[in-house]
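Accompanying notes for the structure given below.
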Amino acid sequence: GSLPGELEALRLQALLQMASIVRSRNNDSLAQELENEVTLRLSKLRETGADYYAWVVENQQRQMDLQVEYGPELAAAVQAARLAANDQKWTQAAEAYQNALTAAVNSGNLKAAVAIAPEAAGIYFRTGNYSEAAEQLERLWRSSPNLEGMEQIHLLWIQALGRYYMAARSSERLSRYADALQDHLSRYSDRDSASEALWLMAELQFARMQV
């Protein structure tokens, strides 16, 4: 039967903890069953109007999902970055994302770094820190240019270079931006990202014609 909101939330949190334990013992099927049960009971918890307790459980679920995806140390860094971003503490968020990216690269988890980088870039772009964004993205991309998903990191790097150039135009910044665009079109011509790079190149050429 159903329990009052607080007691049901405690029960669901215990189920999530149990799922984490059995997953650590490589029993993924049982872990998935427990997580499915939590999802089902969460929907019923919301139906009772216990939104706060549902949020508490969902928050724990998100943290545990992060741990499964990234591992405990990296998950904690990503969680800290997202919390800072949600609170609009942009400087703190940028620093936390930089820590997360550094942890991912240092641990050799480049797949995680590729997943985190767009979030980090979004914070840098929001704060107008295009130079730092370009530096971080270029470093990540150069670590393994042929890894799946790196074409998107290269494209983000290009966008950072473009914004950096537009913020204070100079021949040096323009040259870096144009060279990176050309490199993308030759290196990743068969990827979806090439169409966006082609559009950016067309915009750049049009702007040059207006000068």
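Only one of the listed residues (ALA160, ALA103) is outside any loop (DSSP other than H, G, I, E, B), of a type in the set (Gly, Ala, Ser) and either open to solvent by 80 Å² or more (accessible area, probe 1.4 Å) or at pLDDT below 95 (or both). That residue is ALA103. Which one is modelled with the highest pLDDT, of the residues in segment 12-39 that are open to solvent by 90 Å² or more (accessible area, probe 1.4 Å) and in a helix (DSSP H, G or I)? For segment 12-39, the residue satisfying everything is GLU33.
Which of the residues belonging to segment 79-114 are aliphatic (A, V, I, L, M) and without any contact (Cβ under 8 Å) to a residue 24 or more places away in the chain? Spell out how you get there, then give the answer.
First pass over segment 79-114, keeping only residues aliphatic (A, V, I, L, M): 80-81, 83-85, 93-94, 96, 100-101, 103-105, 110, 112-114.
ALA80, LEU83, ALA84, ALA96, listed by residue number.
Of all residue pairs spaced 6 or more apart or on separate chains, those with beta-carbon atoms under 8 Å, a first member in segment 168-180 that is more than 16 Å from PHE206 (Cα to Cα) and a second member that is open to solvent by 50 Å² or more (accessible area, probe 1.4 Å) and at pLDDT 95 or above are ARG173/TYR164.
Of the residues ALA9, ALA93, only one is under 30 Å from LEU137 (Cα atoms) and surrounded by 17 or more Cβ atoms within 10 Å (Cβ to Cβ); which?
On the way: ALA9 fails: under 30 Å from LEU137 (Cα atoms).
None of the other options fit; the residue is ALA93.
ASN146 passes every criterion in (1) of a type outside the set (D, E, K, R); (2) in a helix (DSSP H, G or I); (3) more than 22 Å from VAL68 (Cα to Cα) apart from (2).
The set of residues in segment 40-71 being assigned to a helix (DSSP H, G or I) and more than 15 Å from GLY5 (Cα to Cα) consists of ASN59, GLN60, GLN61, ARG62, GLN63, MET64, ASP65, LEU66, GLN67, VAL68, GLU69, TYR70.
Confirm whether ALA75 is at pLDDT below 90, open to solvent by less than 60 Å² (accessible area, probe 1.4 Å) and touching a Leu at 6+ places or on another chain (Cβ under 9 Å). Considered against the rule, which asks whether it is at pLDDT below 90, open to solvent by less than 60 Å² (accessible area, probe 1.4 Å) and touching a Leu at 6+ places or on another chain (Cβ under 9 Å), ALA75 comes out as yes.
The values are calculated or read from the model by the stated rules, or taken from the named source; none is laboratory data. Small disclaimer: the values here were computed from a predicted structure and weren't measured. Don't worry about glycine lacking a Cβ; one is built from the backbone with ideal geometry, like all the others, and counts go over all protein chains shown. Note: areas computed on protein heavy atoms with side chains; ligands, DNA, RNA excluded. Shrake-Rupley method; radii C 1.70, N 1.55, O 1.52, S 1.80 Å.
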